[in-house]
Structure formats: structure tokens, C-alpha cells
Amino acid sequence: MTKRNSNSDIKRKNKAAILRELIRAGEATKPELAFSLHLSLPTVGQIVAELIEAGVVEENGRAVSVGGRRPVSVRVVPGKWLALGINITANHVSFSLVDLNGAVIAHRRSKLHFRMGREYHQELMERLDDLLRENHADRDSLLGVGVVFPGIVTPDHKILLTSHALRIEEPTRFEYDKSFSCPVYYFNDATAACMVECYGDDAPDSFLFLSLSNTVGGAMVINKSIVTGTHNRSGELGHVCVIPGGRQCYCGQRGHYDAYGAAWLLAERAEGDLSRFFAMVEEGVPEMCAALEEYLDMLALLIYNSIALSDLPMILGGYVGNYLGPHLPRLKEKTARLDIFGQSDPDIRLCRCKYEAAATGSAKFFLEQFIESVAQREVRLEAVR
């Protein structure tokens, strides 16, 4: 590597580090950035000036002085650089609009029964345009769009290979690319939800992710990278066989965990309302409490088998994951009783994103891409959007 290339690479890393630190901290002065990142003040000053010129960062008033002239704080321009996630399920569609700070500007979930064809696509786009207008945005203002499916996608994120939940058995390319001027990528739902954890400051370097929604999925992260596997279907924990010959799974096989762990199995006990089910658990309704205990028993079995294989922490997300906080100690106890190594406190955590994690995770993918692209540029970005 030449000295010029080496210096360029160092500058790229420093610029990305400064941008990420501003996102983490919310705002900071140049001396604070220099101190926290162990960089020289002239280096920070030059990079911040470039980020301001690019329209990514702005001055945000003067900070409290500890003597002498008050330093100016800077921040990422709020609400300007946006990415969108769309989560498509058999019966619903969800949107999540996220800015460069990682803040969810807006999210929405509504009933929309999936079906192939232009009519479904048009209805989805109309709902999306309504959300964008309400938040003073439009399709042309987006950095990227993640479209999330309960299925397996190609490594280039352009084709949905198969989705039992959507009754798609052949590789399928949709028209979303034609509806936006920005990049559009497809993601598996559990993988997308897992990305919310990957981009968190305090996320473990390696972990398993289990999405407990109306279908069950999972993902594996090793050294901050999602493991896709030989056939791009690593982490399909919903199709782990837990009871040979047991209940029929939606895929047609019997005994898969999905037939015991899908969110709708609990929701149907409360007229399709999952929040009502857990409210009745809190009220002590015997039937609901017994159903939850049975659910936790099966969940503990899957978690133990997964941890025994991987020796990694487990993060729980999805619709059910949102309600498991009060029941997490009991779930850990049930898992620990299965552990032959005597681990009394298995590392089981809850997803940090409580609502629309899959849509949000797919949107955050583009924010990370944008940070890297900004770090490599020496020019203004106003026209890039």
C-alpha cells in the first residue's frame, strides 16, 4: 500500500468514526470529539468542516464554556437523510422511516392481505406515500429502501427465492425497484430484525437472534457479521424439529418449533389480540397463564438446544418478544434446568427495538452504507439524494 493510499484509508476511518460518534452522542464539540476518539484537534476540525460542507453535519449553538471562548457543538442534521423499511407479511404491511441518527421518524402497521399482482403493489405504495407526506418526505428523499419478507432471499438482495408464509415457491422479483430512484434491497424478516442489534453500541459481537412473530425466524451473528450459511438460510430456527411427529408446521412438516412458538397461537386465545392475551396473563386468568407456561417450556427447549450448539447469547424479538420482559426470569429458569453444564443464568436478552424491528433494521442497513459512502467522498452530497 502506498503512503497516499494509507493516508486516505486513515482519513476514511476517522471520518466514519466522527460521524458515528456524533450519531451516538447526539451532539459534541470538536474538542470532545478529539478527546473521545483520540484524534488531533486539527484532524477533527478538517473532517467536521467537510461534513458541514456536505450537508451531513450542522452547527448547533455554543456549548457550556469551562473558561475562555465557548466552543461550538455540532450534530448530524436531523430528519434530512432518511431510509425506509417495508415489512411484508401474509396479512399485514409495516413501514419504518429512520433518519441518520437512527431515530425512527415514523412507523405504521396495517392490515393488508398479501397477493401477487399490481393491485397489491399499488395499494401498498399508496399507504406508503400517505406516510411520507405526513412526515414531509417523498420517495425521492430516501437513501434506500429495504423490503422485508418471511422467506429466503438471494445474497445480492434482489430476488425472493421462496416464502412458505406467502405461498411463493419460485424465485420472484417484484416491482419495488421501479417505484424508487434509490437502491432497493430484499431481506429475510429475522435477518432484518437482527440488524437492529448489530448496529447498536452495546450489542455483543456474536449472538443468536430469535424472532417470535406470526412465523418464527432467526439469525446468527459472529464477530458483528450475519452468517448466511451455504444456502443463505442460516438461522431458520422456526423449522428446528422439537417434537418429532408433532403438530403440523405451515411448511407441511411436523414437529417444527414454529407450530409451537408462532405469535398467533397465543393471540387466537384472546380473539386475535396478542396484547389482550398478555393482559389476561397479568390479570391471572388461569387458562391464559397455563398457555403461557406451555409456550415458555417450548421456547426454553429451543433456546437451550440453540445455545448448546452455538454457546452464544440469545436475543428475543418479534411480536411475542415485546411482551416477555416480566416473564424473562422464569424463561431463564426453565432454560437453566435443561443445562447439563450448570449454567444458572443463561444469557437471554430482549430486542432493543420494540416495534417494527424488521422494517427498522432493513432501513438502518442503508444508513450504515451511507456513513461509509460519506467517509469516502471529498465532494458535496446535496445532489446525491
(message) If the requirement is being modelled with pLDDT of 90 or more, out of contact with any Leu (no Cβ under 8 Å at 6 or more places or on another chain) and under 27 Å from residue 135 (Cα atoms), which of these qualifies: 52, 88?
(response) 52
(request) Scan region 203-228 for residues that are over 27 Å from residue 272 (Cβ atoms) and part of a strand (DSSP E or B) and jot them down. (result) 207, 208, 219, 220, 221, 222, 225, 226, 227
(request) Quick one: which residue in 155, 171 is in contact (Cβ under 8 Å) with a residue 40 or more places away in the chain and out of contact with any helix residue (DSSP H, G or I) (no Cβ under 8 Å at 6 or more places or on another chain)? (result) 155
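For (1) modelled with pLDDT under 85; (2) within 27 Å of residue 262 (Cα to Cα), each residue gets a yes or a no:
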position: 315; (1), (2): no, yes
position: 327; (1), (2): no, yes
position: 340; (1), (2): no, no
position: 351; (1), (2): no, yes
position: 366; (1), (2): no, no
position: 369; (1), (2): no, no
position: 382; (1), (2): yes, no
(message) For region 343-366, which positions are aliphatic (A, V, I, L, M) and surrounded by fewer than 24 Cβ atoms within 10 Å (Cβ to Cβ)?
(response) 348, 350
(message) So residue 157 passes all but one of these: (1) in a loop (DSSP other than H, G, I, E, B); (2) more than 22 Å from residue 183 (Cα to Cα); (3) not β-branched (Val, Ile, Thr). Which condition number does it fail?
(response) (2)
(request) For region 80-122, name all the residues that are surrounded by 14 or more Cβ atoms within 10 Å (Cβ to Cβ) and acidic (Asp, Glu). (result) 99
(request) Could you list all residues from region 248-295 that are basic (Lys, Arg) and more than 26 Å from the chain's Cα centre (by Cα)? (result) 254, 269
(request) From (1) closer than 15 Å to residue 164 by Cβ; (2) under 17 Å from the mean Cα position of the chain (by Cα); (3) not small (Gly, Ala, Ser), pick out the condition that doesn't hold for residue 239. (result) (2)
(message) I'd like the full set of residues that are touching a residue at least 60 places away in the same chain (Cβ under 8 Å) and not in a helix (DSSP H, G or I), limited to region 183-202.
(response) 183, 185, 187, 199, 200, 201
(request) Kindly establish whether residue 213 is touching a Leu at 6+ places or on another chain (Cβ under 6 Å) and not assigned by TED's automatic domain parsing to the domain that holds residue 96. (result) no
(request) Would you be able to tell me the number of residues in region 288-310 that are touching a residue at least 60 places away in the same chain (Cβ under 8 Å) and not aliphatic (A, V, I, L, M)? (result) 3
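Quick grid of which residues meet (1) touching a strand residue (DSSP E or B) at 6+ places or on another chain (Cβ under 6 Å); (2) of a type in the set (Asp, Glu); (3) farther than 25 Å from residue 306 by Cα:
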position	(1), (2), (3)
159	no, no, yes
162	yes, no, no
199	no, no, no
208	yes, no, no
211	yes, no, no
218	yes, no, no
230	no, no, no
236	no, yes, no
240	no, no, no
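Each row is one residue, and each column tells you yes or no for (1) assigned to a helix (DSSP H, G or I); (2) within 21 Å of residue 203 (Cα to Cα); (3) of a type in the set (S, T, N, Q).
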position: 291; (1), (2), (3): yes, no, no
position: 315; (1), (2), (3): no, yes, no
position: 330; (1), (2), (3): yes, no, no
position: 334; (1), (2), (3): yes, no, no
position: 340; (1), (2), (3): no, no, no
(message) If I ask for residues that are in contact (Cβ under 8 Å) with a residue 60 or more places away in the chain and either assigned by TED's automatic domain parsing to the domain that holds residue 101 or part of a helix (DSSP H, G or I) (or both), which ones from region 15-59 would you list?
(response) 15, 16, 19, 20, 23, 24, 50, 51, 53
(message) Of everything in region 94-114, what is under 16 Å from the mean Cα position of the chain (by Cα) and assigned to a strand (DSSP E or B)? Give them in sequence order.
(response) 94, 95, 96, 97, 98, 99, 104, 105, 106, 107, 108, 109
(request) Test residue 184 against the criterion of being more than 28 Å from residue 119 (Cα to Cα) and crowded, with 16+ Cβ neighbours inside 10 Å, and give yes or no. (result) no
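The values are calculated or read from the model by the stated rules, or taken from the named source; none is laboratory data. Nothing here was measured: the structure is a model prediction, and the numbers come from that model. Cβ coordinates were reconstructed from backbone atoms using ideal geometry, including for glycine residues, and neighbour counts include every protein chain displayed.
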